[in-house]
């Protein structure tokens, strides 16, 4: 195998696959990227068995062939090569690769291509197209709400299903860690073709890899779900994410319907106050207290070691005086998903779930369970 | 080689849970106070000395305790309150020396070697610790003072309640001589019985056996007993921060080939590791499974939980999930190990007192089936404490998981 490629292009393609290659070290070959030259193309693949990324890069190809190279090391080398000359990569005996540019030479030990796990099948049928920006925004709004506990299978994923809004077809993402939940809808022309009768549970990391793909430039991404994988493609890059085989909790059941105590606050002011009192909130639990009375909302925190913080903001609130505790981080994550000027909090009492949502935009909803603070 | 002489204190709070209850409700002073599981099948967790006068003991069924002491004041366990008080006491200990090794919620070793200028002799230091604890918390602590951990612990035990016994340098043997052999760490019911049949009742008599005889009869453990009987114990006082992980592994005489047998061994390992975590008062978040195959090739798999745990069931279920990710089974296995890391201790391992994040999905929902965590962590925690108490009284075999046979396969 040998090929010549522009240095920036090589750095781009290796950076693109890095996130997946680095993670696990249980099988040495998984920290490697599989390089294959066919025709005038180089494909680079990385896999952790859960997520597979494949990038295609046109190159000046010499001999076809393939080899697995340590992904991190290869990128490190690509970055330090001299700028002025194109990079030549050539197989040598015993899975060694020679990388050269100008007068610089590197010899890098690889592994035989056969050791690399087989590629999952590319899904057949017609993919569904969704705007990259829409996908990015959906993912951004819910990702923080998924559990980062990987052993908690059913909560470590993000549910994707067809939204039940009347206004056109929507892709809905839902995430929860058992203490709070976020639900976001985004327009997706014919998502019904993909998720009409089913929902898929996609691991958080997989959603983030697809989000990176969406962020790589303007344009839409193609989605396809097979029995086992969610497949996403954009430009020269393809991502397979293995679906979680677990039951996501029935989230509709925890969306409260009788939360009649409504408070409206300015979004930016609320975000700022939360950030301020967070400084004094105890580590780990990040507890903050919200006290509603009349037209005022007081937000406070108490650190057993350091002291207290207290701040006030204006609120539209009609109900009786109420004190309610929360993990302040949960509130901050909820407010982050809201772009509108006004945030509405819908409450029932100090021990039942609270809804945080934009005043008008119906495409986002966060539910946060209070924290009992005595 | 002569080691510099050390000064070790063993401090043990008297009837701790019951004393905290009396502290919080002074009208109970002088009454038989019994802290016990409130359910019909509960057991006694702690009894005040007044209650002990009626024959009430820890680990006894609550029903029996009620029969023995109908006038007793029976109170439910309030673990978070005991933790809070325990933290206060440990903070006092740490004023005397940073070398504090917690053994449990109410027991600790302190190394006060070289503190003579500050506190006087080790015995004097113990007296000061006792006074400080009494003055600042109202609790009574029994102390043992000696040149090593083993002797210090025996000494504090002998002086209870409100004891202070010091074993002066040079007096170690005389101190040990009259004590029953069962007082030695690691002499359980079985060893004690075999010793008794050889006519050995006291530590003095045990010392009559040579190192060879001890090793022949009791293996490596025999050497350990040989040293203890001479009052020799070099183990340092280890503060909890030093331990990065708590683990245990086992090499099997015959390679394990069946997943079922491996799971049983994992249960036994998880049970031991969790007991040690609890003894050290720490919880860990990362669970690592180590598998050595018959050809000595080795694999490790790890998972990190959202919350730290010291529960054997949780550690077991997690390691079973990890076992699925190895080639164990198709490849025969000669060694299994479990370790728990990312440890946090004391208050850090607990949600702060008086705060509770409420769950979004209530318990009755069938979706809340969790393959790893216990359904009711609070109940699990109480169960684990009870198991620890029972083992404290009847030894490690006093209570074992039902799935574990009385005898495990022979170890190498």
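Couple of notes before you dig in:
- Relative exposure of B:136, B:50, judged by other C-beta atoms within 10 Å (fewest first): B:136, B:50
- Cα coordinate range in the stretch A:131-251, projected on the principal axes (Å, largest first): 35, 32, 26
- The stretch B:117-166: relative contact order in percent, alpha carbon pairs under 8 Å with at least 6 residues between: 30
- Inter-site label distance for residue A:296 and residue B:249 at 7 Å from Cα along Cβ, in nm: 6.2
- FRET efficiency, 1/(1 + (r/R0)^6) with R0 51 Å, evaluated for residue A:311 and residue B:124 via beta carbons: 0.50
- Projected label points at residue B:136 and residue A:322, each 7 Å from Cα along the beta carbon direction, are separated by 4.3 nanometres.
- Between A:289, A:137, A:92, the residue with the greatest mean-square fluctuation in the GNM of chain A (Cα pairs under 10 Å linked by springs) is A:92.
- Centre separation in Å (Cα based) which lies between the stretch B:33-98 and the stretch B:154-213: 28
- C-alpha center-to-center spacing [the stretch A:305-349, the stretch A:55-122] in angstrom: 53
- Choice from A:243, A:297, A:313 showing the highest fluctuation, given a GNM over chain A with Cα pairs closer than 10 Å: A:313
- Averaged over the residues of peptide A:347-354, the number of Cβ atoms from other protein chains lying within 10 Å of each residue's Cβ is 1.
- Mean projected area of the convex hull spanned by the Cα atoms of the stretch A:256-368, taken over all viewing directions: 6.5 nm².
- Dividing the summed helix terms, -39500 (n - 2.57) for each DSSP H run of n ≥ 4, by the number of residues in chain B produces a 222 nm estimate of -11500 deg cm²/dmol to the nearest 500.
- Förster radius 56 Å - calculated FRET efficiency between residue A:269 and residue B:94, Cβ distance, rounded to 0.05: 0.80
- At 1.306 mPa s and 10 °C, Stokes diffusion of the protein assembly as shown via Kirkwood alpha-carbon radius, µm² per second: 51
- Inter-site label distance for residue B:78 and residue B:210 at 7 Å from Cα along Cβ, in nm: 6.0
- Within chain B, the proportion of C-alpha pairs whose separation exceeds 39 Å stands at 24%.
- Rg to Rh quotient for the stretch B:173-228, alpha carbon positions, Kirkwood Rh: 0.91
- Gain on full extension, evaluated as 0.36 nm per residue between residue A:96 and residue A:133 minus their Cα-Cα distance, stands at 9.2 nm.
- Largest first and in whole Å, the equivalent-ellipsoid semi-axes of the stretch A:182-231 read 18, 14, 12, each the square root of five times a Cα gyration tensor eigenvalue.
- The mean sequence separation of alpha-carbon pairs under 8 Å and at least six residues apart, normalised by the residue count of chain B, gives a relative contact order of 14 percent.
- Rg and Dmax [Cα atoms of the stretch B:200-322; Å; Rg one decimal, Dmax integer]: 18.6, 53
- Compactness of chain A as Cα Rg over 2.2 N^0.38 Å, two decimals: 1.19
- Gaussian network model of chain B, Cα within-10 Å springs - most flexible of B:343, B:277, B:305: B:305
- Hydrodynamic radius (Kirkwood) for the stretch B:245-394, which is based on Cα pairs only, to one decimal in Å: 16.3
- Mean projected area (nm²) of the alpha-carbon convex hull when the stretch A:1-102 is viewed from all directions: 6.0
- Percentage relative contact order, the stretch B:173-228, counting C-alpha pairs under 8 Å, at least six apart: 35
- For the stretch B:1-168, the C-alpha radius of gyration divided by 2.2 N^0.38 Å, with N the number of residues, is 1.11.
- Per residue, the convex hull spanned by the Cα atoms of the stretch B:90-162 measures out at 85 cubic angstrom.
Coordinate-derived values only; no laboratory data. None of the values given here were measured: they were computed from a predicted structure. Here Cβ is always computed from backbone atoms with ideal geometry, including for glycine, and neighbour counts include all displayed protein chains.
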